[in-house]
Ligand SMILES: Nc1ncnc2c1ncn2[C@@H]1O[C@H](COP(=O)(O)OP(=O)(O)OP(=O)(O)O)[C@@H](O)[C@H]1O
Ligand SMILES: [Mg+2]
């Protein structure tokens, strides 16, 4: 029997507090501020613990300000934790940033790592020097990236002339250039159209399948998570509220359905007087459409449809599983209870 490999990322009680100078309004406030600075502390990451194993594809999910980027910055060594431990491939990232850098690739969707005014290819060459990438690996990778991400025609252009999607693809390729063991992607698909998003998703999955690259992904597009990841860690106000498989999340909400009903009647807001059974929530009501959310275990589908038929002139009904999007929204609101 073979035992499973040790975790490649291990985090224990990881905590980060930011100190923010408090200042009072007005001139007196400004003077006071100069002499005695008072600080408020924000605990952005609060005693977070997890292990991630080689080759895992993990979605790190949370609302704005939940602490995702702060966690990633501690994993990459950019930030020093206030408390707790972090080990990445046996290295404490903030103590040995250079050595840690050899093992990781990072993409922050909000900004580029490339030099603005020079052709894209120069940024690739620079990375080749920095990481001392052997020529054969460099050549092989450039071929794969040009093929899968279709960036060949972009290499001669200066970065400032690229569209957002083109720039993102180049940033992604650069992050993978030195064959890192781990890739951190902080909102890599932000602002991109659906085709580019899909291209990026399939590239990430290809790299993971072929090289066993470990992927940590933060995104607000839960379709990214659904398409790429097997596991999700959900954080809220710096604390982990869920860590487990995406399938388990879906199974838990497997009895939840969304009903789309199209009616002849002209519905007006405020008229939502349908006597619906308990456990059904109205998500949309207006024009000729009603959208309902229900848990089949709590409310009978037949009963709900019967109620609707009695009150409306129904043209069409469709029933869907709930999206990962609305599931996560529900977990944010109610937490995850076993
Ligand atoms: N440099 C900083 N100084 C002070 N507070 C900060 C700093 N960076 C982040 N914070 C605060 O820490 C908390 C977590 O921020 P973080 O950027 O990690 O969130 P996030 O989950 O990445 O959010 P988003 O989805 O908006 O990117 C927030 O309350 C934020 O205001
Ligand atoms: Mg962020």
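The values are calculated or read from the model by the stated rules, or taken from the named source; none is laboratory data. Just so it is clear, the structure is predicted and the values come from calculations on it, not from any experiment. Because the Cβ atoms are built from the backbone with ideal geometry, glycine has one as well, and the counts that use them run over all protein chains shown.
Within region 206-223, the set of residues being more than 16 Å from ligand 1 (Cβ to nearest atom) and either without any contact (Cβ under 8 Å) to a residue 60 or more places away in the chain or within 23 Å of residue 125 (Cβ to Cβ) (or both) comprises 206, 207, 209, 210, 211, 213.
For every residue, the table says whether it meets (1) touching a residue at least 60 places away in the same chain (Cβ under 8 Å); (2) assigned to a loop (DSSP other than H, G, I, E, B); (3) touching a strand residue (DSSP E or B) at 6+ places or on another chain (Cβ under 9 Å); (4) not assigned by TED's automatic domain parsing to the domain that holds residue 58.
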residue	(1), (2), (3), (4)
87	yes, no, yes, no
98	no, no, no, no
105	yes, no, yes, no
133	no, yes, no, no
143	no, no, no, no
156	no, yes, yes, no
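Going by the structure shown, is residue 42 over 19 Å from residue 243 (Cα atoms) and assigned to a loop (DSSP other than H, G, I, E, B)? The answer is no for residue 42. Within region 220-312, considering only helices (runs of 4 or more DSSP H) that don't extend past its boundaries, which have at least 1 residues that are under 20 Å from residue 334 (Cβ atoms)? Because the criterion is at least 1 residues that are under 20 Å from residue 334 (Cβ atoms), the helices (runs of 4 or more DSSP H) in region 220-312 that meet it are 222-228, 246-252. Can we say residue 235 is in contact (Cβ under 8 Å) with a residue 12 or more places away in the chain, away from ligand 1 (no atom under 16 Å from the Cβ), outside the structural domain of residue 316 (by TED's automatic domain parsing) and surrounded by 15 or more Cβ atoms within 10 Å (Cβ to Cβ)? Taking the combined requirement at face value, the residue does not satisfy it.
Within region 57-83, the residues that satisfy the criterion of being in contact with a helix residue (DSSP H, G or I) (Cβ under 9 Å, 6 or more places away or on another chain), touching a residue at least 40 places away in the same chain (Cβ under 8 Å) and more than 16 Å from ligand 2 (Cβ to nearest atom) are 57, 81.
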